[in-house]
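A.B. asks: What follows is a structure written as structure tokens; I'll ask about it next.
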Amino acid sequence: MNTKANFSYHKLPYRYINSFVDGKWGEGELSEDERIILNESACVLHYCQVVFEGLKAFKTIDGRIVCFRPDMNKKRLESSCKQMNMPIFPKEKFLAAVEQVVKANKEYIPSFEEGGSLYIRPIMYGTTPTMGVKSAKEFEIRFFAVSVGNYFDANKTARLRVSDVDRAAPKGTGNIKAGLNYAMSLSNITDAHNKGFNENLYLDPKERKYVEETGGANIFFIKDNKVIFPYSESILPSITKMSTMYIAKEILHLEIEERKVTFQEIENFDECALCGTASTITPVGLIDDHGHQIIFSNDVIGPITSLLLKTLKDIQHGIIPAPKGWLYEIK
């Protein structure tokens, strides 16, 4: 198996499955069956009542197995469930499920020397047969894992284009990890790829004036050693973004800002990067605005972006001490 494969699905032996029936969660168990059996009228198939998460397990330099900030994924999943009228999966069950899946598939975690990680995806969906527009009463959650490498080509900077399509409505679901947020972007991302871009950059849907995020990651900018993070109530609160903000301020002692960022001002920035669980920290080389190109670099990672990326990876792999609670060790 090539543990340095790109970010793509391949079946690993075990996944954790639990069901919510009669108002309560069951005990849950590991399964070797990757198939999901659903009624043709299951709520998830008609009304997209589904939320998910993504976190990673790493091999540290001294051979330990650690997960990066799973407590934050649990909190974000809870927020998503509340907004989608789905039951809360208890914290202790969440962490136990992560542990079980990682332990059961531990031989597939890339070594420190290989790089890469074990990506764990918890996903919850409504299974109740439904015809009218209403919430499910029964749900299933599963945690499965895949060995992954880089989401984007590690030898190139990302190319973005400004999207004419909106990602999320104001006061909508853009701030949670719901499947419906990604469904609307599938045609748009396919078109971007066909035209030579890695991702779409979405602007705010109300005024189309402010930078929000891309289809699969948050974005940030650097100007005169200041790290600037766009703020919006309709973007996903990225755990990697929150971690990067802490690293920049508390470890690297850089000035940070989280504020509304107008699209017009980004031409004045020195560096640009994406951040997310899958993309980690990925430098952006250019942003194309309908033929007008804003160029940050030519396949060269900027110095501050490089330092942020190195520090994040060093924390995840146990090379430098992690802030308290960031690494959840699995023995």
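A.B. asks: Working carefully through the options ALA57, ALA42, find the one that is of a type in the set (Gly, Ala, Ser), more than 21 Å from the chain's Cα centre (by Cα) and crowded, with 19+ Cβ neighbours inside 10 Å.
C.D. replies: ALA42
A.B. asks: Assess whether SER31 counts as being open to solvent by less than 20 Å² (accessible area, probe 1.4 Å) and more than 14 Å from the chain's Cα centre (by Cα).
C.D. replies: For SER31, the condition - open to solvent by less than 20 Å² (accessible area, probe 1.4 Å) and more than 14 Å from the chain's Cα centre (by Cα) - is not met.
A.B. asks: Something else about it: Determine which single condition TYR210 fails, assuming it passes every other condition in (1) open to solvent by 10 Å² or more (accessible area, probe 1.4 Å); (2) under 19 Å from the mean Cα position of the chain (by Cα); (3) over 21 Å from VAL50 (Cβ atoms); (4) not polar (S, T, N, Q).
C.D. replies: (2)
A.B. asks: Now for a separate question. Can you tell me which of SER297, SER306 is over 21 Å from PRO70 (Cβ atoms), open to solvent by 40 Å² or more (accessible area, probe 1.4 Å) and not in a strand (DSSP E or B)?
C.D. replies: Result of the check over SER297, SER306: SER306.
A.B. asks: Same structure again: Restricting to segment 110-135, and then to whatever is open to solvent by 60 Å² or more (accessible area, probe 1.4 Å) and assigned to a strand (DSSP E or B), can you tell me which residue is farthest from GLY23 (Cα to Cα)?
C.D. replies: Within segment 110-135, the match that is farthest from GLY23 (Cα to Cα) is ARG121.
A.B. asks: Quick one: how many residues across segment 136-156 are at pLDDT 95 or above, open to solvent by less than 40 Å² (accessible area, probe 1.4 Å) and not hydrophobic (A, V, I, L, M, F, W, C)?
C.D. replies: The qualifying residues number 3.
A.B. asks: Please determine, by comparing only the residues of segment 45-54 that are assigned to a loop (DSSP other than H, G, I, E, B) and open to solvent by less than 30 Å² (accessible area, probe 1.4 Å), which one is nearest to GLY276 (Cα to Cα). Let's see the steps before the verdict.
C.D. replies: Applying the first criterion (assigned to a loop (DSSP other than H, G, I, E, B)) to segment 45-54 yields 48-49, 53-54.
Add one more test, that the residue is open to solvent by less than 30 Å² (accessible area, probe 1.4 Å), and what stays is 49, 53-54.
Values: GLN49: 23, GLU53: 12, GLY54: 9 Å.
So the residue we want is GLY54.
A.B. asks: Residues that are open to solvent by less than 30 Å² (accessible area, probe 1.4 Å), part of a loop (DSSP other than H, G, I, E, B) and touching a residue at least 24 places away in the same chain (Cβ under 8 Å): does segment 260-269 have at least one?
C.D. replies: yes
A.B. asks: So, one more: Out of segment 270-294, which residues are open to solvent by 30 Å² or more (accessible area, probe 1.4 Å) and more than 21 Å from ARG208 (Cα to Cα)?
C.D. replies: Residues satisfying the conditions are ASP270, THR277.
A.B. asks: Separate question: Return the residue satisfying two criteria in turn: it lies in segment 225-259 and is surrounded by fewer than 20 Cβ atoms within 10 Å (Cβ to Cβ) and of a type in the set (Val, Ile, Thr), and of such residues it is farthest from ILE315 (Cα to Cα).
C.D. replies: ILE256
A.B. asks: Is it the case that segment 260-272 has a residue that's of a type outside the set (D, E, K, R) and touching a helix residue (DSSP H, G or I) at 6+ places or on another chain (Cβ under 9 Å)?
C.D. replies: Step one: list which residues in segment 260-272 are of a type outside the set (D, E, K, R), which gives 261-264, 266, 268-269, 272.
So of that shortlist, the ones also touching a helix residue (DSSP H, G or I) at 6+ places or on another chain (Cβ under 9 Å) come out as 272.
Within segment 260-272, one or more residues are of a type outside the set (D, E, K, R) and touching a helix residue (DSSP H, G or I) at 6+ places or on another chain (Cβ under 9 Å).
A.B. asks: Please specify each residue of segment 78-101 satisfying the condition of being open to solvent by less than 10 Å² (accessible area, probe 1.4 Å) and within 24 Å of GLY116 (Cβ to Cβ). Show your work before the answer.
C.D. replies: Residues of segment 78-101 open to solvent by less than 10 Å² (accessible area, probe 1.4 Å): 80-81, 89, 94, 97-98, 101.
Scanning segment 78-101 gives PHE94, ALA97, VAL98, VAL101.
A.B. asks: For segment 162-172, what are the residues that are open to solvent by less than 30 Å² (accessible area, probe 1.4 Å) and touching a helix residue (DSSP H, G or I) at 6+ places or on another chain (Cβ under 8 Å)?
C.D. replies: VAL162, SER163, ARG167, ALA168
The values are calculated or read from the model by the stated rules, or taken from the named source; none is laboratory data. None of these values were measured; they are calculated from a predicted model. Glycine also receives a Cβ, built like all others from the backbone with ideal geometry; neighbour counts cover every protein chain displayed. These accessible areas exclude ligands, DNA and RNA; they are computed on the full protein's heavy atoms, side chains included. Shrake-Rupley method; radii C 1.70, N 1.55, O 1.52, S 1.80 Å.
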